[in-house]
Structures are given as structure tokens and as C-alpha cells.
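Mind having a look at this structure? Questions to follow.
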Amino acid sequence: MKRHLLRTFLLFFGLLFAVFAYADNDKTPIQKQIDSFLKVQKKTISAADTSQLYEALRLSIKHDYPYGIMKAHSYLGDYYINYGDYVSALDYLQRAMEQFPRLKDKEIDKNLLTINIGRCYFEAGRFDESKVLYEDFLKEIEIPLASSTMDEEIRKTILHHRNAAWLNLGSTYINLGQEEEGLAMLKSANEATTTDLYDTEDGYIYNKSNSLISLGFAYLMRNDAQSAQPYLEEYHEYIIAQDESYSDQAKSFGNLAYCAYLLEDLNAAYKYYDQSLELSQKHGYPNVTYVTYKDLSDTYLADNKPKLAIEYLNKHYALKDSIQGLVVQEDLNALEVKYETKLKEQEIVRLEQQTQLERQKGLLYAAGLALLGVLSLFAIGYLMLQNKRRKEKAAQDAQMQALKLANAEQEIEYKKQDITRMALDISQKHDFAEQLLEKLGTFKTYIRADAQKEWRSFEHSVQEHVQTNTEQQIFQENI
């Protein structure tokens, strides 16, 4: 009976474990639906996409789907990064990071989140926090990179993450006044960005151009145009090769123009500024145009051409006012989106609280089951121990009884031997007395008359001894 109870108990917990293992490895229909909502373009997440992401987040929280919660928060963080709201982005990214203790084999997602959180710290001016985060991150990823058994594709991905961290940490060092450390970090990222590290040419060009412009811009900020120039020119070659990156191309011409200005090559500066204006005006990038107007004004002023300097300065302010109106409208639109977002966030918070409460109830229920299991095991163990003790006691009692019986049989055997010896002794004495009495009768005729009386007395005592035989009576009593 006890063995049957133990088997039943173990089978129950085995089935419970199997259910949880199956649920972890096989996605439910609702999880697949959530995953479909999460299919957005990370770099171009729109306000319309956020509604889809909030729905994914709501369902993930309601059905306790950690991966969906992490991804939805992560994409919402990317959305706010794209729109320059780094405070809101940081909040979403940190909430995404909270899910990782419940997730397995998601180190790649965790690495990307860490890099983006560091970027938010940097853009928000929290350089010390950005520095600590990136330094810790670079130490952590050295452990998997040191493994000789790592999958090659995973290794490449982690190396991409390391390059991104080097770039961001380099910029962070420069903003903290550690310029030499920053430039060394940026150079490390640039040297590590090689073609064999990327599966596509576009991936290589994107990352290589990032490291080049970071280095060129860092040297420009030090007014070291001579060191900046080769990096800016190489960057320009990569960016011109990309047909549709007109905004970046216009900015690149502007950087080359500013570099030529610092090198006092004003003719080259004018040429680059003209090319920058041509692209920004043709393809509609007023933010680039009005900055170029200001740089041209400064160049004409340095070239002792005050009229042209004033002309482009006026153009700069006129376009800036126009842009400011657009910015105000964008801010109003952003406020409207934030208001709608706030309502959705309140619903999300309510769901999170409800889910947390249900999770706590589930934990209590699981703890109760675990306690019941432990108590059941204890009870079964106690019963088995008691049964074992009873069996051992019964065996000991039987052994003692057998020992007593053996001792009694041995004592009886000794007594039998004593009785046999006593009986033999008595018999021998009796036979001797009868023989003596018989002999006395034969000697009676030879006894003198004066000794007849003593003889008869002796004979009488012998007869009396034979008849009474005290030892024989004692023997009978012992038997």
C-alpha cells in the first residue's frame, strides 16, 4: 500500500513537471498571436505601430507571456529612441530588461537592450551611468567570446554588439573629458569592423560608416581637421554609394566643408557646402539646409565677404523660424500620442498589478502543493520508518525467544545428564547394599555367639537402608 502511494505521488509530480516543460517549449495560440503583433520594422516604428505593440503588451501581461512583454517594451523603447524621447525610451527598455530572469537563451536580445539603455543614458546626458553600463557589458561578453565551442554565427553577433559598445563608450569617454581613451575606443571599433564579420555588404557598410563618422566627428570637435579628414573622406565614399541616403550624404558634404574650413581651404569648403545645399533642398531636408546656411555665413565672414555672410545668416533664421513652426506642430502631435499612450499605459499598469496578484496566488498555490508534497513524503517516510522499526523489534524479540528456548533446552539437557548420573549412582549403591546383605547372610553362621547381637543390629540397619533408600526418594522428587 505504501509503495503504491509513493509511486502515485512521484507520478503526479512527474506529470506536473512534464506539463510545465511542454508549456515552455511549445507556444500556445495566444502566444503565436502576440508574436504576430510584434512583427514591426525596428528602425521605422510608427505611431500606428505602437497601437499594435500596446495590444501585444496587453495580451502578454494578461496571459503571462514574458517574451512578449520583453519584446513589446523593447520595441516601444525603440520607437521613442527614433523620435528622440530618450526618457520615455529608457523607461520601456528597463521594463523590458526586468523580464530576463524569466527568459532562457535570450542573451542576444539582452545585449541589444543593454546597448540601447546605454545610448539613452548618453543622449540624456547621464554619461557616468552610460560609462559604467558599457564597461560592465564589455567585461561580461568577454566570457562567452573566450569559449572555443561557441556557434560561429552567435560569435559574429556578439562581436557586432562589442563594436557598438566600443563606439558608444568611446563617445561617452569624450563627453566626460577622457578624449584619449575615447579615441582609442573608437579606433578599436573601426579596426574590428571588417567585411568577414558581416553576412551582407549593407551590414558592413552601415557599421563601418558609423565607426568612421564617429572618429571623424570626434576629431572635428577637437578642431583637429587634419586627423578628421581621412575618416570623413572614407565615410563619404561609403555613404555616397548608398543611393537613397540623401540626408546622410548632405550631412557628409557639410562635414567635409567644415573640415576644409578649419584647414583654411575655403574654395573646397564652398564647393562642399553647395553640394550639401543641392541635396538637402532637392530632397526636402530643411534641418540640414538651415545648418548649412549658418556654416556658409560663418565661412563668408571668415572670407571677408560680409554681404554674403548676412544674406545666408538671414536665410538661416528665416528657415529656422519655419522649422520651429513645424517643430511646434510635431510637439503637439507628440503630446497627442503621449496622451493616448498614457491611457494605454494606465491599462497596462492595471493589468500588471492584476497579473502580479494572480502570479502571487499561483506562487502560494505552488508553495502549498510543494508543502503538501514535502509533508506527504515526510508522512510516507515516517510510516516506512515505523514499519521498519516494528519489523526490527519483532526480529529482535524472535531472536531473544529463540535464545531463551535454546538456553532452556540446554538446561534440560544438563539436568537429564545429572539425573542419569544420579540414577546410575543410586542403582550401583543399591546393588552393592543387596550384595552386601546377601553376603552377610552367608557369613551369619560363622559369627560367634557373643557377636550375634551386634551382627543382627548391623544386618537390620543394612536391610533398613535398602528398603528406605533416601537417595532414591530424592531422585524421585527431582524427576
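Can you give the local net charge around S276? Use residues other than it whose beta-carbon is closer than 9 angstrom to its beta-carbon, Lys and Arg +1, Asp and Glu -1.
So the surrounding residues net to -2.
Given Cα pairs under 8 Å that are at least 6 residues apart, what percent is the relative contact order of the stretch 131-191?
32
Sort 197-208, 164-175 for me by packing, meaning the mean count of neighbouring Cβ atoms within 10 Å per residue, highest on top.
Put in order of decreasing packing, that is 164-175, 197-208.
What is the packing order of peptides 106-113, 264-271, taking the mean over residues of other C-beta atoms within 10 Å and listing the highest first?
106-113, 264-271
Relative contact order for the stretch 116-260: what percent, with Cα pairs under 8 Å and sequence separation of 6 or more?
15
Starting from the 7 Å offset along Cα-to-Cβ, what nm value, one decimal, do you get for the label separation of D397 and L262?
Each label point is offset 7 Å from its Cα along the Cβ direction, giving 10.1 nm.
Here's a follow-up. Using a 7 Å offset from the Cα along the Cα-to-Cβ direction at both D202 and T157, what is the distance between the two label points in nm, to one decimal?
1.9
Binned at 5 Å from 0, what are the whole-percent values of the Cα-Cα distance distribution for the stretch 207-311, short to long?
In order of increasing distance, the bins hold 2, 14, 23, 24, 21, 11, 4, 1, 0 percent.
Given 0.36 nm per residue, what is the gain on full extension from L308 to E237 after removing their alpha carbon distance, in nm?
22.5 nm
Counting just the Cα atoms, what span does the stretch 112-210 cover along each of its three principal axes? Round to the nearest Å and put the largest first.
Projected onto its principal axes, the Cα set of the stretch 112-210 covers 37, 27, 22 Å.
Each reported figure results from applying straightforward, stated rules to the coordinates on display, with no laboratory input. Source: prediction; values computed, not measured. In this analysis, Cβ positions are derived from the backbone assuming ideal geometry, glycine residues included, and neighbour counts consider all displayed protein chains.
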